[in-house]
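Read-outs: derived from the displayed coordinates by stated rules, not from any lab. Here the structure is a predicted model, which means the values were calculated and not measured. When we count neighbours, we look across all protein chains shown, and the Cβ atoms used for this are built from the backbone with ideal geometry, even at glycine.
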Amino acid sequence: MSGKPGKRPGRKFGGRIRGARPAHRPGGTTEYFVLTVLTMVLLAFGVVMVFSASWASSYLGETHDSLYYLKRELVFAAAGLALMFIMARFDYTRLRKLAPLLMAASLLLLVLVLVPGIGHKINGARRWIGVGMGGFQPQPAELAKLAVILYVAAVMSARRLLLKSLSGMALPLLVMPALACGLVLVEPDLGTALTICIIFASMLIIGGVRLRLLALPALGGALVTGLSVLVSPHQASRITTFLDPWKHAQGSGYQIIQSLVGLASGGLLGVGIGNGVQKFDWLPENHTDMILSIIGEELGLIGVLAVLLCFAVLAFIGYRIALKCRDPFGKYVAAGITTLIVGQAAVNFCAVTGMLPLTGVPLPIISYGGSSLVVILANIGILLNIAINPRSRIAAPGTRNFKAIEGGNRSRRNGRASGARAGSRRRAHG
């Protein structure tokens, strides 16, 4: 009989030794698969709804082409998907060194968008750079959201002691996001500024900052927001309209009233895709910020709840990746990206249903838009890479979450204790 004495040779079965323990799948593969499928479903659904919401206005408008927005959305979706899969294979840890450069570039673009002749003004807001190719006009605020996430994650992971005091956080951590918010408010774009603040605050909380340290920055942000509303008639009208839209039914309240009419018209099951009437120039921005109202009209409450469920699942997967990631930089980036996507969705849901003032925040992945869609898909690509990158040290399936957070220290302590107990038993029997 061949082989070493005392060892029983295993029998091969189907290319694998019978009795051998099967290897675990790499950690994060389940999250990677679910997030990829969910993103593709939301993107396909968004393309369909953009066409359904836009064909009438694009045909009756200047283009006289019912496929105008559909063709552009398909181009944006293809570019975003390509970037998503590229970022899914790009080592996210390299972004740590690129974060300051990306932050500086986004601030420069936010300054350029305010320069007459470069920035393009639409509906009283100067948010786009009007030099895009083929009619594409980049929106620097979308890049600024990702830049803030990467910058804050890089600083927090490198200098954890900064979170112990407000003075320690002030210069290295608070200045850059505050500058980004200030420049966005000047455009003006209150919705994006609030989104950046939500992302920043959530990352600090996840990083372990004491809530009392956020009181002063929160107060300062509230004062700046109030001042911005006072000096901007456009933003002030949105606040007064939110308080009583029916008082301004033929003016600033018209859009939210038509949004509520569309949602109410759909009932439980909706009137069917393509059969809605709000798209016929009744509801402004029906294929961008207000597309949820078209979904409610054509697919009813069931359609709206299905979209809400998809974003709830996305939130669960994203925060699960952040929770299981044992690399601090990856953990903060995953949490920030998830907060960005889910936070925007929550703000859009509340604005379309009248629970918040209209802020101009689109519904992620579903609303029509070039910069927003491409950048959101790039963010998801980074999240996918964190899920499967060996550097993130995502725990294998079956590993408890607290082990992932503590870096396995508890299991090692238990291992030493059990080994000591086993050794004492052997010595006692001996």
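Simple spin-label estimate for residue 37 and residue 306 gives 1.6 nm between the two label positions (7 Å along the Cα-to-Cβ direction from each Cα). For region 249-264, 3J(HN,Hα) computed residue by residue from phi via the Karplus equation (6.51, -1.76, 1.60; θ = phi - 60°) reads 4, 9, x, 5, x, 4, 5, 5, 5, 5, 5, 5, 5, x, 5, 5 Hz, glycine and proline entered as x. Calculated on the alpha-carbon coordinates, the convex hull of region 26-391 measures out at 133 cubic angstrom per residue.
Which entries of 145/331; 97/324; 71/247; 97/331; 71/97 show an alpha-carbon separation above 27 angstrom in the structure shown? Table pairs above 27 Å Cα-Cα are 71/247; 71/97. Per-residue packing, averaged as other Cβ atoms within 10 Å, sorts the ranges 206-217, 35-46 into the order 35-46, 206-217, beginning with the highest. Peptides 345-358, 76-89 ranked from most to least packed, by the mean per-residue count of other Cβ atoms within 10 Å: 345-358, 76-89.
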